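S.K.: What follows is a structure written as structure tokens; I'll ask about it next.
The values are calculated or read from the model by the stated rules, or taken from the named source; none is laboratory data. Note that the coordinates shown come from a computational prediction; the quantities given were computed from them, not determined experimentally. Every residue, glycine as well, gets a Cβ built from its backbone with ideal geometry; the counts of neighbours run over all protein chains shown. The accessibility values were calculated without ligands, DNA or RNA, using every heavy atom of the protein model including side chains. Shrake-Rupley method; radii C 1.70, N 1.55, O 1.52, S 1.80 Å.
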Amino acid sequence: MSRFKRIDSIVEAVGNTPLVRLRNIERDTPGVKIYLKLEYANPGGSVKDRPALQMLRDAIADGRLTKDKTLIDATSGNTGVAYSMFGACLGYKIALVMPSNVSQARKNITQAFGTELIHSDPMEGSDGAIRLVRKLVTEQPDKYFYADQYSNPSNPRAHYLGTGREILEQVGDEITHFVTGLGTSGTMMGTTRRLREHGRKIACVAAEPAEALHGLEGLKHMESSIVPNIYDPTLPDEILPVPTEGGWDMADRLAREEGLHVGHSTGGNVWAAVALAKRAKEGCIVTVACDRGDRYFAPMRWEKHHEW
Ligand SMILES: Cc1ncc(COP(=O)(O)O)c(C=O)c1O
């Protein structure tokens, strides 16, 4: 479908993202094609537009979210931007709980849409934000709709209906492997379920930070994290550990060699795709560009050397 189209509202701009071939990175892996699905082309700038919109739509459809309620979730990242954008557009109130020490840039981007920010204890990190949301929702169940992206089946459903279907339409029968990193795991779970319906076997691989303390923002090291309820560990054919350095270096290469300025989780995804390509020797591998590098601009990437 063409992106050259007239639309009635910003929600119609979600999905149908381009799939770009990485011809320069591919020089390291002769015989294997590598494609990157540019989820940063979504209007909120990330892969999280799809699940945020699906969670809103499904909750509106079955009455869990009404105009007198406030959608609340714990996120300082891309999902928060997406909720805020669609909340503004569709006329629903949004509240986000985030540790008070998240960057000013992160706070500004969601507040611009009129979102209410609630700060949790910076010493308790993202788990503290989750605990505070649960407390608020328990105290005032009629006020809030708790979207809970880690447990909400609409999250992987968005990728089943969108990302996975689009990948098959874009590469057709050529695809041999799909690989993507695990955050909430929505992208991996939903896309894999759709690819599994294809007639021929497609290897679906989950990329995971190799270390518990890592610098691949957006991704989770499952063993040392609260495991999302939507994560089914039996679904991926393989879990591929990705070192932080590998992801960061690949993000730099994608900017310089392909003109794709991406975040570090995308660097990790392409690092994993190249590792698979070197092993496979022939085939066609698809992975995902989760967001743009400029979302990490404060401080600049080269100013925050190895801060994780
Ligand atoms: C930058 C970035 N990369 C990767 C992911 C992982 O995506 P998912 O939550 O679908 O596993 C996220 C999700 O929060 C993200 O924000």
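S.K.: Kirkwood hydrodynamic radius (Cα pairs, Å) of the stretch 46-99?
M.R.: Hydrodynamic radius (Kirkwood, Cα pairs) of the stretch 46-99 is 11.0 Å.
S.K.: Another question, if that's okay. How long is the gain from Lys135 to Arg23 if the chain were fully straight, where each residue apart is worth 0.36 nm and the alpha carbon distance is subtracted?
M.R.: Contour length minus the Cα-Cα distance gives 35.4 nm.
S.K.: Right, something else. From the protein chains alone at 1.4 Å, what is the descending order of accessible area for Arg106, Arg194, largest first?
M.R.: Correct descending sequence by accessible area is Arg194, Arg106.
S.K.: Give me the net charge of Leu161's neighbourhood, meaning all other residues with Cβ under 9 Å from the Cβ of Leu161; Lys, Arg count +1, Asp, Glu -1.
M.R.: Local net charge: +4.
S.K.: With a 1.4 Å probe and all protein chains in place, put Lys69, Lys281, Lys93 in order of accessible area, largest first.
M.R.: Lys281, Lys93, Lys69
S.K.: What fraction of the DSSP beta bridges in the chain is antiparallel, stated in percent and rounded to the nearest 5?
M.R.: 15 percent
S.K.: Taking just the alpha carbons, could you work out the radius of gyration and Dmax for the chain, both in angstroms?
M.R.: Taking only Cα atoms of the chain, I get Rg and Dmax of 18.7, 58 Å.
S.K.: Kindly list the residues of the stretch 111-153 that lie in the label zone of Ser9, defined by a backbone N under 20 Å from the point 7 Å along the Cα-to-C-beta vector.
M.R.: 111-116, 145-147
S.K.: If you average the C-alpha positions of the stretch 1-34 and of the stretch 104-125 separately, how far apart do those two centres end up, in angstrom?
M.R.: 31 Å
S.K.: Give me the net charge of Ser224's neighbourhood, meaning all other residues with Cβ under 15 Å from the Cβ of Ser224; Lys, Arg count +1, Asp, Glu -1.
M.R.: Charge balance in the 15 Å sphere: -3.
S.K.: Turning to a different aspect of this structure: For Glu124, Glu166, Glu197, give me the order by solvent-accessible area with a 1.4 Å probe, most accessible first, ignoring ligands, DNA and RNA.
M.R.: The ranking, largest first, comes out as Glu197, Glu124, Glu166.
S.K.: Connecting C-alpha atoms closer than 10 Å in a GNM of the chain, tell me which of Ala88, Ala52, Ala74 has the biggest fluctuation.
M.R.: Ala88
S.K.: If one computes the Cα centroid of the stretch 232-293 and of the stretch 142-219, what distance in Å separates the two points?
M.R.: 14 Å
S.K.: Once ligands and nucleic acids are excluded and a 1.4 Å probe is used, how much of Val32 is accessible, expressed in Å² to the nearest 10?
M.R.: 10 Å²
S.K.: Label Asp121 and Ala212 with points 7 Å out from Cα along Cα→Cβ: what is the distance between them in nm?
M.R.: Using points 7 Å along Cα→Cβ, the separation is 2.0 nm.
S.K.: Here's something else I'd like to know. Please give the FRET efficiency for Asn16 paired with Glu257, using the beta carbon to beta carbon distance and R0 = 35 Å, rounded to the nearest 0.05.
M.R.: 0.85
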